[in-house]
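These notes concern the structure reproduced below.
The values are calculated or read from the model by the stated rules, or taken from the named source; none is laboratory data. None of the values given here were measured: they were computed from a predicted structure. Positions of Cβ are generated from backbone atoms using ideal geometry, with glycine treated the same way; all protein chains shown enter the neighbour counts. These area figures cover heavy atoms from the full protein model, side chains too; ligands, DNA and RNA do not enter into them. Shrake-Rupley method; radii C 1.70, N 1.55, O 1.52, S 1.80 Å.
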Amino acid sequence: MKEYNSANNSLSDIFKKICKLQENELVTNNLLYTIPIMLFSNNKLFKVQVDDTTSPLFRIEKIDNNCALLRILVRIPASPLNKASSSLIKTDKFITIDLDNFCAIKCLDSVYLNNTIVVNNYVLYKNKQIIDQDSFEYGTHCFRVVDSNNKDDDPTYQIDIFLTDLTNEHPSKLINNIVFNNPNFVMLKTKFNISSNTLSLKFQAKTNNSVNKTFFEDLIKENLLCFEMKNSNNLTEKFAFLMVIITIKK
């Protein structure tokens, strides 16, 4: 990680060097070699609004005289099972800046964007009916699933999890491990099915055993339903979701 200020370096020259390094790096498997940057204006970290969050991270796409085109990057949290790491995701949103408005730049370690598997959305079924679904603008590694109106004893569910950025290798070979740490849930005989970019899990909930009384913000490992996959760099990524069932007494 390197930091430069305009007193000792021309920001324009630094931007040009970063662009050159990014252009010269061989790109394979649709991975985008990137040197993420952070900018400072009036000695304050520069951030932009992107959807429901703010981000101080950018990729330099083009430099023209004293103006630069930046792609906005966002960081998504990793699974609570692996809090030490997080994923950097590129967006399709750009901004143009005047370098005269900035006093310093910080360069982060280079990365290959799009080599991270993420969950884009999920759909939860019970008795072939959709009871919960959600999508994530830039993906996630951890999410909460809710059946807010259960009236069945020990109901059976299917969850379809839609993933992106899988390798060309058959996805079923990428599943390392599927673990139901919570004893209130049982994986059915067909452990999982994966086709295209969709992972389908079928499981049964033991509603007589006080299922999941914790809030999502207070997750502990034993409450999570987990799976692992390998990304294109052959690194293991951990995923988890919390199943919350609210049973309506008959």
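The local environment of C19, defined by Cβ-Cβ distances under 14 Å, has a net charge of +1 under the rule Lys, Arg +1 and Asp, Glu -1.
Across the protein chains, with a 1.4 Å probe defining accessible surface, the residues L21, L11 rank L21, L11 from largest area downward. If you sort F162, F185 by accessible surface, 1.4 Å probe, largest first, the order is F162, F185.
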